[in-house]
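What follows draws every value from the coordinates through simple rules; no lab data is involved. None of these values were measured; they are calculated from a predicted model. Quick reminder, even Gly has a Cβ in these numbers, built from the backbone with ideal geometry, and neighbours come from all protein chains shown.
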């Protein structure tokens, strides 16, 4: 069946997506337990700790689910747009998968054993079992191996197509991989040279400020590692689904180049309340943070231009007639449109978090948790759901039935409702001072805590209601994946098969310098050096005595 990628690539991509959804299942269960514990509606057995659950929730959803799904999506898309993988690409992709999985299993085993309740940020001086950090290192190394396999596949295509611009999907995939590899340098440095020596007792202390700065060097671009695959779907997949084409190939490529340049040297805006970093460097990186808004606004402009142009080509009249022409009956589109809509308040909240005075109010409160869920847990996750509704049937050679499409609509609606209740209540609770990273506490019935547990939308009860709806929605999604794997009818011919929708993109007027990777990598490294070299050097040269590691659980 010519519409499907080669069987070996299908197996590779599908294996990554299945691991992703197994992590999603366990991670969402941990999330459900959290909202009931914070509401004092659930007591854990003595062998299980709240911070174990919180760590597992963050690691499984923010790291494992997203990363495995992204690589499965990339592998399917790169095979579709650049052709079948060669033997070396297949080999290194599988090696990367096994190294990633070994690291994942090792890290999760130590979380379950109660040896690594350090949350997914693993802030020093919290000190987990040394093998937990080894697991994290293996996970990152595995992603690098898989990344280099995809880069190699891209280079083979470029060699056989000299002077040509690569397909837009491939360009965006390579952009995301470049961002990921550069960003991981920070977390690799702190894990290898700080946490592992401390955890195994090779050194007595750790430079706390340096470790946190290196983590956030990685931690903020990690957000764009999640977002850029969603943007790929918005730019390349959605126009095909609605019957249109990419609005501007050069604008799309430029937006991804800008993400490479400006999404990495911004980590200090997560450390605005921390001492040890001068206000100048915080100001510089906060300014660069606002530069990242530009490619996001470019993406919004491009998408709505695509919607309007396509709608008017279909005969839409009036100012907003094009809106009615969009294929609302198609779950592939509707799920992603809802994800886009949620990104509007999510992006606005990001501007608040990066503003120094406002950050003083919301830092380390549930506001930040609400922001995280409405940016990653909704635009990113729901885009991944929208991809799942056709990608898994595509990889299994099955077709989506009407009944399963109705189930998919229910899943999307319930996820949106659950996230609205949970995230909104978290934002309000944050404004009322409710802390993040804590289990239930009423602070000995202090009057200022009463509003945390009473009133519509401003209570932990509302948060628990939203979390419950989210978990039920997650179970519907898991049911859909099982159906798409084993039960949905097989496609009997090419016309009947589920397609991998790739929109046409006019590259005639696209400047070739946009694909000059060495240029953009060089500019990115210069910006990183400007933003980080002096403050990190000061942290190393003028380091305080350091802190011993602590196990607080």
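Taking all Cα pairs closer than 8 Å and separated by 6 or more residues, the relative contact order of the chain comes to 20 percent.
I need the shape label for region 239-393. Rule: rounded when a/c is under 1.5, else prolate if a/b > b/c, else oblate, with a, b, c from the alpha carbon gyration tensor. Verdict is prolate for region 239-393. Each residue, residue 410 and residue 517, gets one label point 7 Å from its Cα in the Cβ direction; the gap between the two is 4.5 nm.
With a Förster radius of 22 Å applied to the beta-carbon distance between residue 552 and residue 193, the computed FRET efficiency rounds to 0.40. Rounded, prolate or oblate: which fits region 327-515 when a ≥ b ≥ c are the square roots of the eigenvalues of the alpha-carbon gyration tensor, with rounded for a/c under 1.5 and prolate only if a/b beats b/c? Oblate is the answer for region 327-515, as a/c is 1.5 or above yet b/c matches or exceeds a/b.
Counting beta carbons within 10 Å around each of 253, 7, 437 and listing the fewest first gives the order 7, 437, 253. Taking a ≥ b ≥ c as the square roots of the eigenvalues of the Cα gyration tensor, region 204-283 is classed as prolate, since a/c reaches at least 1.5 and a/b is larger than b/c. Computed from the Cβ-Cβ distance with R0 of 45 Å, the FRET efficiency linking residue 504 to residue 468 stands at 0.55.
Of 236, 95, 368, how do they rank once you tally other Cβ atoms within 10 Å and put the fewest first?
95, 368, 236
Look at where the Cα atoms of region 181-240 and of region 241-319 average out, and the two centres are 21 Å apart.
Note on residue 328 and residue 543: their simple-model spin labels are 6.0 nm apart, each label 7 Å out from Cα toward Cβ.
Please check which bits of region 8-40 a label hung off residue 444 would reach, taking the label as a point 7 Å along Cα-to-C-beta and the cut-off as backbone N under 20 Å. In region 8-40, the label zone of residue 444 (backbone N under 20 Å from the point 7 Å along Cα→Cβ) covers no residue. Between the Cα long axis of helix 249-262 and the first principal axis of the chain there is an angle of about 10°, rounded to the nearest 10. So how much slack lies between residue 525 and residue 482, counting 0.36 nm per residue of separation and subtracting their Cα-Cα distance, in nm? This chain segment gains 11.1 nm when fully extended. Helices in the chain, meaning DSSP H runs of at least 4 residues, each add -39500 (n - 2.57). Divided by all residues, the mean residue ellipticity at 222 nm is -22000 deg cm²/dmol.
Most exposed first by the Cβ proxy, i.e. fewest other Cβ within 10 Å, how do 443, 51 rank?
443, 51
Distance between the 7 Å Cα→Cβ label points at residue 203 and residue 360: 3.4 nm. Averaging the Cα positions of each part gives two centres, and for region 465-512 and region 56-84 these lie 13 Å apart.
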